[in-house]
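Data block below; observations after.
Any read-out appearing in this document is the output of simple, stated calculations on the displayed coordinates, not a laboratory observation. Computed from a predicted structure; not experimentally measured. Backbone-built Cβ (ideal geometry, glycine too); neighbour counts: all protein chains shown.
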Amino acid sequence: MEKSTRSATTVVITAFTNDYTVTVSIENYEGMVTSEVVGTGGATQQSAQVTGSGQLVLDISSFNAGVYTLRITLGSTVYEGFFEK
């Protein structure tokens, strides 16, 4: 009889910004992913969704200079980071 092993796969989230876009990549995840850019007043400025692993590209080219929050939601888990435009 052969035995098999399963290893846990870690979800990997990476985000990159430039003057025009925020790019979010999700690896090793199944389910709905929501990515939002939130302004200093707390309002969502841009958002996108993908199901499962994939890539989201948010257009920030028209945003004013300032500090923004990037919020990524995977199921009930929320990750936040900040970037400056």
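Note down the net charge around THR34, summing +1 for each Lys or Arg and -1 for each Asp or Glu among other residues with Cβ under 15 Å from its Cβ.
Working: positive: ARG71; negative: GLU30, GLU36, GLU80.
Counting the neighbours of THR34, the net charge comes to -2.
List the relative contact order of the chain as a percent without decimals, with contacts defined as Cα pairs under 8 Å and 6+ residues apart.
Numbers: 171 pairs, mean separation 22.2, N = 85.
Result for the chain is 26 percent.
Given the options TYR79, ASN28, GLY54, identify the residue whose Cα lies farthest towards the positive end of the charge dipole of the range 17-85 (+1 on Cβ of Lys, Arg; -1 on Cβ of Asp, Glu).
TYR79
Rounded to the nearest 20 debye, what is the charge dipole size of the chain about its Cα centre when +1 sits on each Lys and Arg Cβ and -1 on each Asp and Glu Cβ?
Numbers: 4 positive and 8 negative charges, 36 e Å.
The calculated dipole for the chain is roughly 180 debye.
Scan the chain for GluC sites (Glu not before Pro) in coil per DSSP, keeping those whose Cβ has at most 12 other Cβ atoms within 10 Å, and list them by number.
Numbers: sites: GLU2, GLU27, GLU30, GLU36, GLU80, GLU84; in loops: GLU2, GLU30.
Within the chain, the qualifying GluC sites (Glu not before Pro) (loop, at most 12 other Cβ atoms within 10 Å) are GLU2, GLU30.
How much net charge surrounds LEU74 when only the other residues with a Cβ under 14 Å from the Cβ of LEU74 are counted, with Lys and Arg +1 and Asp and Glu -1?
On the way: positive: ARG71; negative: GLU27, GLU30, GLU36, GLU80.
Local charge sum for LEU74: -3.
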